[in-house]
1. Can you pull out the residues in region 311-323 that are part of a loop (DSSP other than H, G, I, E, B) and surrounded by 13 or more Cβ atoms within 10 Å (Cβ to Cβ)?
2. Here are the criteria: (1) at pLDDT below 95; (2) assigned to a helix (DSSP H, G or I). Tell me which single one residue 398 does not satisfy.
3. Name the one entry in 354, 405, 334, 385 that is under 29 Å from residue 91 (Cα atoms), out of contact with any Leu (no Cβ under 7 Å at 6 or more places or on another chain) and among the small types (Gly, Ala, Ser).
4. How many of the residues making up region 288-304 are in contact with a Gly (Cβ under 8 Å, 6 or more places away or on another chain) and either of a type in the set (Lys, Arg) or free of Cβ contacts under 8 Å to residues at least 40 places away in the same chain (or both)?
5. With 133, 175, 143, 181 as the choices, which residue is under 30 Å from residue 32 (Cβ atoms), of a type outside the set (Asp, Glu) and assigned to a helix (DSSP H, G or I)?
6. Please count how many residues of region 100-130 are more than 24 Å from residue 466 (Cβ to Cβ), in a loop (DSSP other than H, G, I, E, B) and at pLDDT below 85.
7. Can you list the helices (runs of 4 or more DSSP H) lying wholly within region 48-99 that have 3 or more residues being modelled with pLDDT under 90, in contact with a helix residue (DSSP H, G or I) (Cβ under 9 Å, 6 or more places away or on another chain) and not assigned by TED's automatic domain parsing to the domain that holds residue 415?
8. State all residues of region 265-283 that are outside any helix (DSSP H, G or I) and in contact (Cβ under 8 Å) with a residue 60 or more places away in the chain; if no residue qualifies, say none.
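The values are calculated or read from the model by the stated rules, or taken from the named source; none is laboratory data. All values reported here derive from a predicted model rather than from experimental measurement. So basically every Cβ, Gly included, is an ideal-geometry build from the backbone, and we count neighbours across all protein chains shown.
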Amino acid sequence: MTVNDDSFTDWKHREEIAESMIPIIGKLHRERDVTVLLHSRSLVNKSVISILKAHRFVRQIAGQELSVTETLPFLRALTTLDLGPSQIDLGMLAATYRADDRGLSVQEFTAAAVAGATGANKIERREPRDVVLYGFGRIGRLLARLLIEKSGSGNGLRLRAVVVRKGTGRAAEDLVKRASLLRRDSIHGQFQGTITIDEANSTIIANGNAIKVIYADDPASLDYTAYGIKNAILIDNTGKWRDREGLSQHLRPGVDKVVLTAPGKGDVPNVVHGVNHDMIKPDERILSCASCTTNAIVPPLKAMADEYGVLRGHVETVHSFTNDQNLLDNYHSSDRRGRSAPLNMVITETGAASAVAKALPDLKARITGSSIRVPVPDVSIAILSLQLARETTREEVLDHLREVSLTSPLKRQIDFISAPDAVSSDFIGSRHASIVDAGATKVDGDNAILYLWYDNEFGYSCQVIRVVQHVSEVEYPTYPAARL
């Protein structure tokens, strides 16, 4: 047999193993509210090829081979345990098992690593928390996709309604158009599942989830309990109101908390999940998820500050154009944003640098920022230039950020890529807040320049959902929590 034949046989064998993993992952997900991950990447509802690619990713960034032949025994071991709702990372299990010197079997090690999710320690399944989307634009529809995807997954969120302004046409036509926009997206592709509409009840049914479409121009006129909604988290993705007074209008019957998908003003807390989400007070009813750029720069900034110290910094964002710009030159309240977005690079302002202080109050370094909008529809890059408190090397910085992306509490926020030919479109659909481009990283003594890609639509939406899970108290723990 030739080398090529051997490679093909090995590939077919791994395909067979990945295929056998799918029903196990699905059953854990449906019956026990267990989400199986591979280094923070969910394996739920993934194809054979997606599972194999997730394993290959570990070799690409960590330089270590991780095969389905290695992770399958850990997955099988999970099926023998009395698990409660949780997230379990097979990649972390395999990595910690490699480093363990106690001579335990895979079964013994797995039981010890996820002990917090079993027996008397396990969390009982909770009633799902109602969620209302106020606005159904770019971010609103991506949030809807994520909420529908997570229905019944142990994440405990249930999308009950979306609130939109009354259209000028017939309600039935409006419903069809909104369902169609949810079904197909020019950037993010087809919705994964089925969508139908119930015109009589003004409802979109997506993968079995009934989502009431409520027409209203004024949040203060709504009573959500009339639709059977109670104790809900309302996500305002219109950006119309950004201070406490304006957002308080959403605190109507049936709504318990309001989450804004834009930078909050005044005393509204700006939250970056993974960095300061655990500082939210239990009785806080109004909060902001800050901006996509703030979410992109704050996690790696924290990772660098924790390891090296940061004396000062500047962030330059090269940002995809957004819906608030004009397609062609026309009047706009902002001077430059009135010029054609798909034809120009447009200098604009960013509040991300000033927002760092809210998310990282202990960071005393002065961070400045500026931004350029460019003619791409999605995915942006932040160039973070830092003066560090000590000298270091490029290799040390990359090793640190690679390890952070794999094993630290920031691994859901920070991704890492070493591909030499990476470009913006490669990161459409990334669920991380920020992706470190290893090839572009520059370090000279105490100066470091990081190039951070981010899907300013989808990656940001994932961060919003993480915050909503946290404030809803349905964010289940991840195991293993740390290296044993």
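1. Initial filter on region 311-323 (part of a loop (DSSP other than H, G, I, E, B)): 321-323.
Passing the criteria: 321, 322.
2. (1)
3. On the way: 354 fails: under 29 Å from residue 91 (Cα atoms); 334 fails: under 29 Å from residue 91 (Cα atoms); 385 fails: under 29 Å from residue 91 (Cα atoms).
Answer to the check: 405.
4. Counting residues in region 288-304 that are in contact with a Gly (Cβ under 8 Å, 6 or more places away or on another chain) and either of a type in the set (Lys, Arg) or free of Cβ contacts under 8 Å to residues at least 40 places away in the same chain (or both) gives 0.
5. Details: 133 fails: assigned to a helix (DSSP H, G or I); 175 fails: under 30 Å from residue 32 (Cβ atoms); 181 fails: under 30 Å from residue 32 (Cβ atoms).
Result: 143 is the single residue among 133, 175, 143, 181 that is under 30 Å from residue 32 (Cβ atoms), of a type outside the set (Asp, Glu) and assigned to a helix (DSSP H, G or I).
6. Of the residues in region 100-130, the ones more than 24 Å from residue 466 (Cβ to Cβ) are 100-112, 115, 118-120.
Narrowing the set further to residues that are in a loop (DSSP other than H, G, I, E, B) leaves 100-105.
With the extra rule that they be at pLDDT below 85, the set shrinks to 100-101.
Qualifying residue count for the region: 2.
7. Working: elements: 48-62, 68-79, 90-99.
Passing ranges, in order: 48-62, 90-99.
8. From region 265-283, those outside any helix (DSSP H, G or I) are 265-276, 280-283; that's our starting set.
Correct list: 269, 270, 271, 272, 273, 274, 275, 276, 280.
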